[in-house]
Amino acid sequence: MQPTLGQTALDFETFLDNSAPQQDNQPPQFELEEAVADMADAPNEAQTKTDSKQGKGRPRSEKSRKNILKATNALLLHTSVQELSIEAIAKKAKVGKTTIYRWWPNKAAVVMDALIAQPGLSAPLPTARNHAEAIKLQLEKLIRMLDSNNGDTIAQLFSEAQASNKARNIFTSNFLSPLVDALQYSIEEGIKEKEFRSSLEIKTTIDMLCGPIFFRLMAHPHDLNEDFIQSYPKEALRLISA
(Lines give C-alpha, C1' and ligand atoms only; values in the text may rest on other atoms or scores of the structure.)
Protein backbone atom coordinates (compact mmCIF):
# COMPACT_ATOMS: atom_id res chain seq x y z
CA MET A 1 0.00 0.00 0.00
CA GLN A 2 1.34 3.20 -0.89
CA PRO A 3 -3.43 8.62 8.33
CA THR A 4 -5.65 11.41 14.83
CA LEU A 5 -3.02 12.32 16.16
CA GLY A 6 -3.08 13.52 18.38
CA GLN A 7 -3.63 10.45 16.10
CA THR A 8 -1.47 10.41 12.94
CA ALA A 9 -0.74 10.25 9.07
CA LEU A 10 -1.50 11.87 5.30
CA ASP A 11 0.10 14.25 1.97
CA PHE A 12 -1.09 16.23 -0.98
CA GLU A 13 -0.19 19.50 -2.49
CA THR A 14 -2.80 22.26 -2.85
CA PHE A 15 -5.50 19.98 -1.69
CA LEU A 16 -7.73 22.83 -0.61
CA ASP A 17 -9.50 25.33 -2.79
CA ASN A 18 -9.15 28.32 -0.48
CA SER A 19 -10.90 30.70 -2.77
CA ALA A 20 -14.56 31.05 -3.62
CA PRO A 21 -15.96 29.11 -6.59
CA GLN A 22 -14.51 30.31 -9.87
CA GLN A 23 -15.80 30.35 -13.42
CA ASP A 24 -16.78 26.82 -14.38
CA ASN A 25 -15.02 25.24 -17.35
CA GLN A 26 -17.57 22.45 -17.61
CA PRO A 27 -20.17 22.07 -20.33
CA PRO A 28 -22.83 24.71 -19.58
CA GLN A 29 -25.69 22.23 -19.49
CA PHE A 30 -24.61 21.08 -16.00
CA GLU A 31 -25.09 24.57 -14.60
CA LEU A 32 -28.32 24.97 -16.55
CA GLU A 33 -29.68 21.74 -15.14
CA GLU A 34 -28.82 22.87 -11.60
CA ALA A 35 -30.50 26.24 -12.16
CA VAL A 36 -33.64 24.57 -13.50
CA ALA A 37 -33.67 22.20 -10.52
CA ASP A 38 -33.36 25.14 -8.12
CA MET A 39 -36.22 26.96 -9.86
CA ALA A 40 -38.36 23.86 -9.63
CA ASP A 41 -37.59 23.49 -5.94
CA ALA A 42 -38.20 27.13 -5.03
CA PRO A 43 -42.04 27.18 -5.09
CA ASN A 44 -42.14 24.01 -3.00
CA GLU A 45 -39.58 25.02 -0.41
CA ALA A 46 -42.11 25.34 2.40
CA GLN A 47 -43.69 22.00 1.51
CA THR A 48 -40.24 20.38 1.33
CA LYS A 49 -39.52 21.48 4.88
CA THR A 50 -42.89 20.18 6.03
CA ASP A 51 -42.43 16.86 4.25
CA SER A 52 -38.94 16.54 5.70
CA LYS A 53 -40.32 16.92 9.21
CA GLN A 54 -42.93 14.30 8.46
CA GLY A 55 -40.40 11.92 6.92
CA LYS A 56 -41.95 12.08 3.44
CA GLY A 57 -38.94 11.54 1.21
CA ARG A 58 -35.73 13.54 0.78
CA PRO A 59 -34.95 16.89 -0.79
CA ARG A 60 -34.27 16.77 -4.53
CA SER A 61 -30.63 17.84 -3.95
CA GLU A 62 -29.80 14.69 -1.97
CA LYS A 63 -29.36 12.79 -5.23
CA SER A 64 -26.75 15.28 -6.41
CA ARG A 65 -24.97 15.07 -3.06
CA LYS A 66 -24.73 11.29 -3.27
CA ASN A 67 -23.51 11.52 -6.87
CA ILE A 68 -20.75 13.92 -5.77
CA LEU A 69 -19.54 11.57 -3.03
CA LYS A 70 -19.70 8.59 -5.38
CA ALA A 71 -17.79 10.48 -8.07
CA THR A 72 -15.12 11.54 -5.57
CA ASN A 73 -14.51 7.98 -4.41
CA ALA A 74 -14.38 6.76 -8.01
CA LEU A 75 -11.80 9.41 -8.97
CA LEU A 76 -9.64 8.65 -5.92
CA LEU A 77 -9.16 5.10 -7.19
CA HIS A 78 -6.78 6.41 -9.85
CA THR A 79 -6.14 10.04 -8.89
CA SER A 80 -4.13 11.39 -5.97
CA VAL A 81 -5.61 14.00 -3.69
CA GLN A 82 -3.08 16.51 -5.06
CA GLU A 83 -4.31 15.95 -8.60
CA LEU A 84 -7.99 15.82 -7.74
CA SER A 85 -9.92 19.01 -8.45
CA ILE A 86 -13.39 20.34 -7.79
CA GLU A 87 -13.79 20.66 -11.56
CA ALA A 88 -13.08 16.96 -12.07
CA ILE A 89 -15.51 15.96 -9.32
CA ALA A 90 -18.22 18.20 -10.78
CA LYS A 91 -17.72 16.78 -14.26
CA LYS A 92 -17.81 13.18 -13.02
CA ALA A 93 -20.94 13.83 -10.93
CA LYS A 94 -22.59 15.83 -13.73
CA VAL A 95 -23.20 18.86 -11.53
CA GLY A 96 -21.93 22.42 -11.43
CA LYS A 97 -19.15 23.52 -9.11
CA THR A 98 -21.58 25.77 -7.29
CA THR A 99 -23.56 22.69 -6.30
CA ILE A 100 -20.48 21.24 -4.62
CA TYR A 101 -19.76 24.48 -2.79
CA ARG A 102 -23.27 24.49 -1.34
CA TRP A 103 -22.32 21.59 0.92
CA TRP A 104 -18.54 21.72 1.22
CA PRO A 105 -16.15 24.67 1.65
CA ASN A 106 -13.24 23.03 -0.20
CA LYS A 107 -11.83 19.83 -1.64
CA ALA A 108 -10.60 18.52 1.70
CA ALA A 109 -14.12 18.49 3.08
CA VAL A 110 -15.47 16.67 0.01
CA VAL A 111 -12.77 13.98 0.21
CA MET A 112 -13.30 13.40 3.95
CA ASP A 113 -17.07 13.04 3.53
CA ALA A 114 -16.54 10.71 0.58
CA LEU A 115 -14.30 8.46 2.66
CA ILE A 116 -16.69 8.47 5.61
CA ALA A 117 -19.60 7.64 3.29
CA GLN A 118 -18.00 4.32 2.37
CA PRO A 119 -19.92 1.49 4.11
CA GLY A 120 -16.88 -0.20 5.61
CA LEU A 121 -15.67 2.91 7.42
CA SER A 122 -18.90 3.46 9.29
CA ALA A 123 -19.53 -0.16 10.26
CA PRO A 124 -19.84 -0.58 14.06
CA LEU A 125 -17.28 -2.60 15.98
CA PRO A 126 -18.25 -5.79 17.82
CA THR A 127 -19.25 -5.39 21.46
CA ALA A 128 -16.12 -5.59 23.59
CA ARG A 129 -15.99 -7.67 26.77
CA ASN A 130 -13.87 -5.04 28.55
CA HIS A 131 -12.10 -1.74 27.92
CA ALA A 132 -8.82 -3.35 26.93
CA GLU A 133 -10.57 -5.29 24.20
CA ALA A 134 -12.37 -2.11 23.08
CA ILE A 135 -9.00 -0.41 22.54
CA LYS A 136 -7.64 -3.48 20.76
CA LEU A 137 -10.60 -3.44 18.35
CA GLN A 138 -10.16 0.29 17.68
CA LEU A 139 -6.46 -0.12 16.89
CA GLU A 140 -7.09 -3.11 14.64
CA LYS A 141 -9.75 -1.19 12.72
CA LEU A 142 -7.42 1.79 12.29
CA ILE A 143 -4.60 -0.38 10.94
CA ARG A 144 -6.91 -2.21 8.52
CA MET A 145 -8.30 1.08 7.26
CA LEU A 146 -4.83 2.48 6.63
CA ASP A 147 -3.80 -0.75 4.92
CA SER A 148 -6.77 -0.53 2.53
CA ASN A 149 -7.14 1.36 -0.73
CA ASN A 150 -7.96 4.44 1.36
CA GLY A 151 -4.57 4.44 3.06
CA ASP A 152 -2.86 6.60 0.45
CA THR A 153 -5.71 9.11 0.52
CA ILE A 154 -5.64 9.35 4.32
CA ALA A 155 -1.85 9.74 4.29
CA GLN A 156 -2.13 12.60 1.80
CA LEU A 157 -4.84 14.28 3.87
CA PHE A 158 -2.71 13.91 7.00
CA SER A 159 0.30 15.53 5.37
CA GLU A 160 -1.79 18.40 4.03
CA ALA A 161 -3.21 18.92 7.51
CA GLN A 162 0.28 19.75 8.76
CA ALA A 163 0.52 22.73 6.41
CA SER A 164 -3.03 24.09 6.41
CA ASN A 165 -5.25 25.11 9.31
CA LYS A 166 -8.39 24.49 7.25
CA ALA A 167 -7.24 21.00 6.27
CA ARG A 168 -6.20 20.28 9.86
CA ASN A 169 -9.61 21.27 11.23
CA ILE A 170 -11.43 19.13 8.66
CA PHE A 171 -9.14 16.14 9.19
CA THR A 172 -9.36 16.43 12.98
CA SER A 173 -13.12 16.82 13.22
CA ASN A 174 -13.98 14.13 10.66
CA PHE A 175 -11.28 11.52 11.17
CA LEU A 176 -9.29 12.00 14.36
CA SER A 177 -11.85 13.23 16.88
CA PRO A 178 -14.14 10.16 16.71
CA LEU A 179 -11.13 7.88 17.19
CA VAL A 180 -9.66 9.97 20.01
CA ASP A 181 -13.02 10.20 21.79
CA ALA A 182 -13.50 6.43 21.66
CA LEU A 183 -10.00 5.73 22.96
CA GLN A 184 -10.28 8.37 25.69
CA TYR A 185 -13.51 6.88 26.98
CA SER A 186 -12.05 3.35 27.08
CA ILE A 187 -8.87 4.54 28.83
CA GLU A 188 -10.75 6.56 31.45
CA GLU A 189 -13.20 3.75 32.19
CA GLY A 190 -10.38 1.18 32.14
CA ILE A 191 -8.52 3.17 34.80
CA LYS A 192 -11.68 3.23 36.95
CA GLU A 193 -12.04 -0.54 36.54
CA LYS A 194 -8.32 -1.00 37.35
CA GLU A 195 -7.60 -2.52 33.92
CA PHE A 196 -5.03 0.22 33.26
CA ARG A 197 -2.48 2.04 35.41
CA SER A 198 -3.92 4.92 37.41
CA SER A 199 -0.86 7.06 36.61
CA LEU A 200 -1.66 7.25 32.89
CA GLU A 201 -2.00 10.73 31.36
CA ILE A 202 -4.86 10.39 28.87
CA LYS A 203 -3.60 12.48 25.94
CA THR A 204 -0.09 11.06 26.16
CA THR A 205 -1.53 7.54 26.27
CA ILE A 206 -3.58 8.14 23.12
CA ASP A 207 -0.50 9.50 21.32
CA MET A 208 1.45 6.47 22.49
CA LEU A 209 -1.21 4.06 21.22
CA CYS A 210 -1.74 5.64 17.79
CA GLY A 211 1.63 7.26 17.08
CA PRO A 212 3.43 4.09 15.96
CA ILE A 213 0.60 3.26 13.55
CA PHE A 214 0.76 6.60 11.78
CA PHE A 215 4.56 6.57 11.80
CA ARG A 216 4.52 3.22 10.07
CA LEU A 217 2.01 4.55 7.55
CA MET A 218 4.37 7.38 6.61
CA ALA A 219 7.71 5.58 6.88
CA HIS A 220 6.99 1.89 6.19
CA PRO A 221 3.49 1.61 4.66
CA HIS A 222 4.09 -1.91 3.36
CA ASP A 223 4.55 -3.07 6.94
CA LEU A 224 0.95 -2.19 7.80
CA ASN A 225 -0.02 -5.80 7.32
CA GLU A 226 -1.75 -8.69 9.05
CA ASP A 227 1.29 -9.46 11.18
CA PHE A 228 1.26 -5.90 12.51
CA ILE A 229 -2.49 -6.12 13.15
CA GLN A 230 -1.99 -9.28 15.19
CA SER A 231 1.01 -8.09 17.19
CA TYR A 232 0.89 -4.32 17.73
CA PRO A 233 -2.43 -3.85 19.61
CA LYS A 234 -1.41 -6.52 22.13
CA GLU A 235 2.00 -4.92 22.70
CA ALA A 236 0.43 -1.48 23.04
CA LEU A 237 -1.98 -2.73 25.70
CA ARG A 238 0.89 -4.28 27.67
CA LEU A 239 2.34 -0.80 28.07
CA ILE A 240 -0.75 0.61 29.78
CA SER A 241 -2.10 -2.43 31.65
CA ALA A 242 -2.24 -2.31 35.45
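The values are calculated or read from the model by the stated rules, or taken from the named source; none is laboratory data. Just so we're clear, the structure is a prediction, and the values are computed from it rather than from any experiment. Positions of Cβ are backbone-derived with ideal geometry, glycine not excepted, and every protein chain shown enters the neighbour counts. All accessible areas refer to the heavy atoms of the entire protein, side chains included, with ligands and DNA or RNA removed. Shrake-Rupley method; radii C 1.70, N 1.55, O 1.52, S 1.80 Å.
Assorted remarks:
- Averaged over its residues, region 87-242 has an accessible area of 50 Å² per residue, based on protein heavy atoms and a 1.4 Å probe.
- Candidates per trypsin sites (Lys or Arg not before Pro) in region 84-171, loop by DSSP, up to 15 other Cβ within 10 Å: 129
- Annotation: for a label point projected 7 angstrom from Cα along Cα→Cβ of residue 239, residues of region 196-216 with backbone N closer than 15 Å are 197, 200-216.
- Rounded if a/c under 1.5, otherwise prolate or oblate - region 86-242, Cα gyration tensor axes: prolate
- Under 5 Å, built H, 5+ apart or other chain: amide partners of residue 196: 191, 242
- Measuring r between the beta carbons of residue 67 and residue 202 and using R0 = 45 Å, the FRET efficiency lands at 0.65.
- Candidate lysines - alpha carbon under 19 Å from residue 234, same-chain residues fewer than 8 apart omitted: 136, 141, 194
- Each Lys and Arg Cβ is given +1 and each Asp and Glu Cβ -1; about its Cα centre, region 123-223 then shows a dipole of about 80 debye.
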